[in-house]
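Chemist: One structure, as structure tokens, below. Some questions next.
The values are calculated or read from the model by the stated rules, or taken from the named source; none is laboratory data. Predicted model only: the values in this text are computed from it and were never measured. With ideal geometry, Cβ positions are generated from the backbone for all residues, glycine too; neighbour counts draw on all protein chains shown.
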Amino acid sequence: MAVQIAPSILSADFARLADEVTAVSNADWIHVDVMDNHFVPNLTLGLPVVESLLKVTPLPLDCHLMIEDPDRWAPGYAEAGAGSVTIHAEAASAPIRTLRAIRSAGARAGLALNPGTAVESYADLLPEIDMMLMMTVEPGFGGQSFLDMVLPKVRRARDLIKGRDLDVWLQVDGGVGAETIERCAEAGADVFVAGSAVYSADDPAEAVRSLRERASGAYAP
Ligand SMILES: O=C(CO)[C@@H](O)[C@H](O)COP(=O)(O)O
């Protein structure tokens, strides 16, 4: 699979979201961070904003739910038309049921792991998901420093996916930019979320292009 770039609108200007997503129309996904101030200590946006974004961009929305009780809320994002809905392993009470509900509603189902959560504990869920999201910072805020300690886990996840011959995408999120994206790709990641590296650039579309080039050169599935 070709590498994919997903700019995170957490670093965008929320007063100009339509323009901000249009500015990265060369990306593969728009990454939408939904935070509830309970699962993480930050509050962002929810389903009404996602519904509005769906009307202004042809790019699929990659909704990352950093919320308590994702079992209750996740299917609604898929039913609204999100292309991908990711729940946190640490927050879900019934992950298999919720992942199946996301898929049944027509979206790709994602499972996210915090930096300290072992991938081996969730190996049996791999057939239930389309994407595993490895947090490379503690979730909650943009602009944090990349945690190198997560890279061995990214490698182990890629090996588990390969070992079972599954088509599961491996996403990294947090501190991903020009200095770190190649190491993520070498470890086997193929979907790259970048917030500040894209939206603090003078030319966000050029930042997307350049990140894609770096990741493609280093990608070693
Ligand atoms: O989920 C999160 C943060 O919890 C991310 O999606 C951030 O939005 C990434 O921002 P940068 O680290 O790339 O600035």
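Chemist: Which of the residues belonging to segment 173-186 are more than 10 Å from the ligand (Cβ to nearest atom) and free of Cβ contacts under 8 Å to residues at least 60 places away in the same chain?
Modeler: Within segment 173-186, 178, 179, 181, 182, 183, 184, 186 qualify.
Chemist: Quick test for you: out of 66, 35, pick the one residue that is at pLDDT 95 or above and in contact with a His (Cβ under 8 Å, 6 or more places away or on another chain). Steps first, please.
Modeler: Values: 35 fails: in contact with a His (Cβ under 8 Å, 6 or more places away or on another chain).
Only one candidate passes the filter, namely 66.
Chemist: Just to be sure I understand the filter: pairs with C-beta atoms under 6 Å, separated by 6 or more residues or on different chains, first member in segment 135-153 and under 10 Å from residue 176 (Cα atoms), second member assigned to a helix (DSSP H, G or I) and more than 6 Å from the ligand (Cβ to nearest atom). Which pairs pass?
Modeler: 136/150
Chemist: Test each condition in (1) among the small types (Gly, Ala, Ser); (2) more than 19 Å from residue 62 (Cβ to Cβ); (3) in contact with a Phe, Trp or Tyr (Cβ under 7 Å, 6 or more places away or on another chain) for residue 210 and report the one that comes out false.
Modeler: Going through the list (1) among the small types (Gly, Ala, Ser); (2) more than 19 Å from residue 62 (Cβ to Cβ); (3) in contact with a Phe, Trp or Tyr (Cβ under 7 Å, 6 or more places away or on another chain), residue 210 breaks only (3).
Chemist: Something else about it: Give me a count of the residues in segment 69-114 that are under 17 Å from the mean Cα position of the chain (by Cα), charged (D, E, K, R) and in a helix (DSSP H, G or I).
Modeler: Count: 1.
Chemist: May I ask you to list the residues in segment 31-46 that are of a type in the set (A, V, I, L, M), within 17 Å of the chain's Cα centre (by Cα) and away from the ligand (no atom under 11 Å from the Cβ)?
Modeler: The first filter runs over segment 31-46 and keeps only residues of a type in the set (A, V, I, L, M), leaving 32, 34-35, 40, 43, 45.
From what's left, within 17 Å of the chain's Cα centre (by Cα): 32, 34-35, 40, 45.
Residue satisfying the conditions is 45 alone.
Chemist: Suppose we filter 178, 197 for residues that are over 14 Å from residue 28 (Cβ atoms) and buried (at least 18 other Cβ atoms within 10 Å of the Cβ); which single one remains?
Modeler: Details: 178 fails: buried (at least 18 other Cβ atoms within 10 Å of the Cβ).
The conditions single out 197.
Chemist: Within segment 203-218, track down each residue that is surrounded by fewer than 19 Cβ atoms within 10 Å (Cβ to Cβ) and either closer than 21 Å to residue 160 by Cα or within 16 Å of the ligand (Cβ to nearest atom) (or both).
Modeler: If the condition is that a residue be surrounded by fewer than 19 Cβ atoms within 10 Å (Cβ to Cβ) and either closer than 21 Å to residue 160 by Cα or within 16 Å of the ligand (Cβ to nearest atom) (or both), then 210, 218 are the ones that fit.
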